[in-house]
Amino acid sequence: MANNIGGSIGQLFRGNDPGNIKTGKVAGKVNTSSKAGNGGKLQKAANPFGESAKVELSPEVEMYGKVVDLLQKKYDNADVFVAGPGDDLSQIGGDLEYSIILSEDEMKLLASDDPKDKEAKDKLMGQIDDAMKTISDMSDKIGGSTDEQDEISNFGIRTDKNGVMNFFADINGGSFKADTVDDLIKNFMASKAK
């Protein structure tokens, strides 16, 4: 599973290559017919799109919409994205303070209403809750350990399928990874001392 949450000073990232992000399609028909009347002059229909205008969303778009609604109701400061296993997580970010990037399987699980998925769904939501609580602390620690000359391009948390978190940060062109936030900060400070 791709369960990740991440960020930069202005924005948190959890992501993959935007070229591989799954997007749904919106399909529909629009009837923009006019009616002739008033001596052959064209007259606009009361509804410019006609009575048959409709938009049909694909099941994938509906599923993603359901998950985005679920997570944004809980975390109103987070964008939600879906990414594949080979995607570069540092390349995804939204307009909000945080970004939550899920795999397609995680999206399907969170969208499921099947009672047999409840335990796995609750576990995944718990992992996201833990990561969202931890990312704020991480932001404070990274901010407190850097100065104005340091350039933080992104930082975040990756959670594996067992719920184990590891931390990453891209600071001053270097990539840092560790099992704890404190170890990540130590690694950064050691590189800065060189």
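The values are calculated or read from the model by the stated rules, or taken from the named source; none is laboratory data. As the structure is a prediction and not an experimental result, all values here were calculated from the model. Cβ atoms come from the backbone with ideal geometry, glycine included; neighbour counts cover every protein chain shown. Ligands, DNA and RNA are excluded from the accessible area calculation, which covers all protein heavy atoms including side chains. Shrake-Rupley method; radii C 1.70, N 1.55, O 1.52, S 1.80 Å.
A few points about this structure:
- The residues in region 175-191 that are among the basic types (Lys, Arg) and assigned to a helix (DSSP H, G or I) can be counted, and the count is 1.
- Test: residue in region 182-191 that is of a type in the set (Val, Ile, Thr), at pLDDT 90 or above, buried (at least 17 other Cβ atoms within 10 Å of the Cβ) and over 22 Å from ASP79 (Cα atoms): yes
- Subset of region 151-164 (residues that are farther than 12 Å from LEU124 by Cα and free of Cβ contacts under 8 Å to residues at least 40 places away in the same chain): GLU151
- Scanning region 129-150 turns up at least one residue that is surrounded by 15 or more Cβ atoms within 10 Å (Cβ to Cβ), hydrophobic (A, V, I, L, M, F, W, C) and more than 19 Å from SER175 (Cα to Cα).
- Checking region 155-166 against the condition returns no match, with no residue being exposed (fewer than 12 other Cβ atoms within 10 Å of the Cβ) and either under 20 Å from LEU96 (Cα atoms) or in contact with a Lys or Arg (Cβ under 6 Å, 6 or more places away or on another chain) (or both).
- Residue check, MET138 farther than 24 Å from PHE176 by Cα and in contact with a helix residue (DSSP H, G or I) (Cβ under 6 Å, 6 or more places away or on another chain): no
- The sole residue among SER153, SER145 that is modelled with pLDDT under 85 and either in contact with a helix residue (DSSP H, G or I) (Cβ under 8 Å, 6 or more places away or on another chain) or of a type in the set (Lys, Arg) (or both) is SER153.
- Residues of region 111-163 classified as outside any helix (DSSP H, G or I) and among the polar types (S, T, N, Q), total: 7
- Residue check: ASN77 meets all listed conditions (1) buried (at least 19 other Cβ atoms within 10 Å of the Cβ); (2) within 14 Å of the chain's Cα centre (by Cα) but one, namely (1).
- Take the conditions (1) open to solvent by 40 Å² or more (accessible area, probe 1.4 Å); (2) modelled with pLDDT of 90 or more; (3) touching an Asp or Glu at 6+ places or on another chain (Cβ under 9 Å); ASP122 misses just one of them, which is (3).
- Residue match in region 164-174 (condition: at pLDDT below 90, out of contact with any Ser or Thr (no Cβ under 9 Å at 6 or more places or on another chain) and not in a strand (DSSP E or B)): yes
- Tallying residues that are farther than 21 Å from ASP140 by Cα and either in contact with an Asp or Glu (Cβ under 6 Å, 6 or more places away or on another chain) or open to solvent by 50 Å² or more (accessible area, probe 1.4 Å) (or both) within region 83-108 yields 8.
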